[in-house]
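Notes for the one structure printed next.
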Amino acid sequence: MTKRNNLLSIGEMAKYSNTSIKSLRYYEKLNILKPSFVDPDTNYRYYRFEQLHLIEIICICIEFDIPLKELTEFIDQDNTLDFSNFLSYGKKIAENKLRNIEKGLYLINEIEQEIKTTNEHPDKQVIYERVIPKKHYYIIECETSFDEVNFTTEIDKLLSNETTKYFYDYMLDYGFLVIKKKSKMKRYFFMELSIKIKGKNVITLPSKSYYCIKNETCQIENVEEIFSDYLNVGDSFIAIEVNLFNSKYRIGQPINELRLIKI
């Protein structure tokens, strides 16, 4: 009985640590939380009060999505925890998770702002003007019309490029782009870059007012016809078509916004 003095039963430990008996048994199975004493007659488990600190560490691992089996790498055969190395490891995991949370919040705010902007403008088939902020695009020329483009192939080309790391910092635009100069029209597949980088396939468009129109299907091949009232013969322009977020977003068939800017 003396061995049980000042020890907590498994039920008491579950209560004080705000966890479950099932969880404590699981931690023991993983060899990361051994009972301080096991009654040989009843097989009841007992714990030292100080072991609450280890349970707190285990809860941190769970919160930061650190596999509990990895915690065993910091515990030696004498049941000693290498606290310094574990804290350094856990700090890196926590910082990475924090960055992902911040990225997610940024994305939510960006989508909310886009929905607000989308709702401020007319419904489909009505041309309107709106200012688009400065954008940096990585472009790949398409050898055929957009109707014949293999979308997957073009994405693979982009993702195999060394600039891939600049594509996914946040939710960025991608889609089709047309550049017309001196009556010569070129078609491109594009993806927005998070920052400006150097490269022959990189273009930057300044913050400027665009003519825009919403469509349910891709209409960039018809850009000159759609904006005929705003273009003169021989005008040079850039046209871009992207997906829009709106309050009722139809997955699989989102609304497109066709944008035109004279150059």
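The values are calculated or read from the model by the stated rules, or taken from the named source; none is laboratory data. All values derive from a computational prediction rather than experimental measurement. Ideal geometry is used to build each Cβ from the backbone, glycine not excepted, and the neighbour counts take in all protein chains shown.
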(request) Please work out which residue is surrounded by the most Cβ atoms within 10 Å (Cβ to Cβ), limiting yourself to segment 8-31 and to residues that are outside any helix (DSSP H, G or I) and touching a strand residue (DSSP E or B) at 6+ places or on another chain (Cβ under 7 Å). (result) Leu8
(request) Would you be able to say whether some residue in segment 215-222 is in a helix (DSSP H, G or I) and free of Cβ contacts under 8 Å to residues at least 40 places away in the same chain? (result) yes
(message) Could you check segment 190-226 and list, in sequence order, the residues that are over 16 Å from Pro133 (Cβ atoms), surrounded by fewer than 18 Cβ atoms within 10 Å (Cβ to Cβ) and β-branched (Val, Ile, Thr)?
(response) Ile197, Val202, Thr217
(request) Output the qualifying pairs, or none if there are none: Cβ atoms under 6 angstrom, residues six or more apart or on different chains, first residue in segment 234-263 and under 12 Å from Gln219 (Cα atoms), second residue of a type in the set (Lys, Arg). (result) Ile240/Arg259; Ile255/Lys214; Glu257/Lys214
(request) Quick one: which helices (runs of 4 or more DSSP H) lie wholly within segment 50-136 and hold at least 3 residues that are over 28 Å from the mean Cα position of the chain (by Cα) and free of Cβ contacts under 8 Å to residues at least 60 places away in the same chain? (result) 52-63, 83-119
(message) Given the criterion within 30 Å of Asn256 (Cα to Cα), outside the structural domain of Leu7 (by TED's automatic domain parsing) and exposed (fewer than 12 other Cβ atoms within 10 Å of the Cβ), identify the matching residue among Glu102, Glu110, Glu114.
(response) Glu102
(request) Would you check which residues across segment 232-263 are closer than 14 Å to Val178 by Cα, of a type in the set (A, V, I, L, M, F, W, C) and touching a helix residue (DSSP H, G or I) at 6+ places or on another chain (Cβ under 7 Å) and list them? (result) Ala239, Leu258, Leu260
(request) Give the residue, chosen from Leu177, Leu231, Leu260, that is crowded, with 16+ Cβ neighbours inside 10 Å, more than 27 Å from Glu110 (Cβ to Cβ) and modelled with pLDDT of 90 or more. (result) Leu231
(request) Scan segment 39-55 for residues that are exposed (fewer than 12 other Cβ atoms within 10 Å of the Cβ) and either charged (D, E, K, R) or at pLDDT below 85 (or both) and jot them down. (result) Asp41, Glu50
(request) Give just the number: which of (1) charged (D, E, K, R); (2) modelled with pLDDT under 90; (3) over 27 Å from Thr117 (Cβ atoms) does Lys186 not satisfy? (result) (2)
(request) Determine which single condition Ser209 fails, assuming it passes every other condition in (1) closer than 20 Å to Asp147 by Cβ; (2) among the hydroxyl-bearing types (Ser, Thr, Tyr); (3) at pLDDT 90 or above. (result) (1)
